[in-house]
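Have a look at the structure below, then the notes.
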Amino acid sequence: MTEPPIQEPPRRLTPPYDREDRSLFRQRWENADTHRNRLRKRKTAVLLEALADVELSGYEERCLTWVAAWETHMVATLASLIRRAGQTTNCNHNCNQGPETIPS
C-alpha cells in the first residue's frame with residue numbers, strides 16, 4: 001500500500017503520523033545531550049531505512065546525520081517523501097536514458 005501524503009505536521013517519525021509518540025520526548029533518566037543524541041540516532045535510522053535500496057557514500061551518510069538534527073516533523077516529512085518517491089513507477093519518458101537524451 002502506498003503511503004499517503006502528509007497533510008499536517010507529523011507527531012511521530014513513522015506512520016501513523018497523527019498519533020503522538022511519547023518516546024520522542026525527553027525521558028526522566030536523560031539529560032539534554034543524551035536526549036538529543038538518542039533522537040538524532042533514531043532520526044538517522046528512519047532516513048537510512050527510507051533509503052534502504054540506495055547505495056550511500058560516507059559523505060552522504062554524514063549529510064543524513066546532519067539532516068537528522070532537524071526538527072522531528074521535518075525529518076518525518078522528508079523520510080515520507082523519499083519512501084513515496086521510491087514507490088513511484090510512472091515515467092513520462094524512457095527512464096533509463098539520461099536527461100541529455102530526453103526529447104524537448
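Throughout, read-outs are computed from the coordinates displayed, never taken from laboratory work. It should be emphasised that the depicted structure is a prediction, and the values quoted were computed from it without experimental measurement. With ideal geometry, Cβ positions are generated from the backbone for all residues, glycine too; neighbour counts draw on all protein chains shown.
Key figures for this structure:
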{"read-out": "Förster-model FRET efficiency, 22 Å R0, residue 49 and residue 29, C-beta, rounded to 0.05", "value": "0.25"}
{"read-out": "Simple spin-label estimate for residue 57 and residue 84 in nanometres, 7 Å along Cα-Cβ", "value": "2.9 nm"}
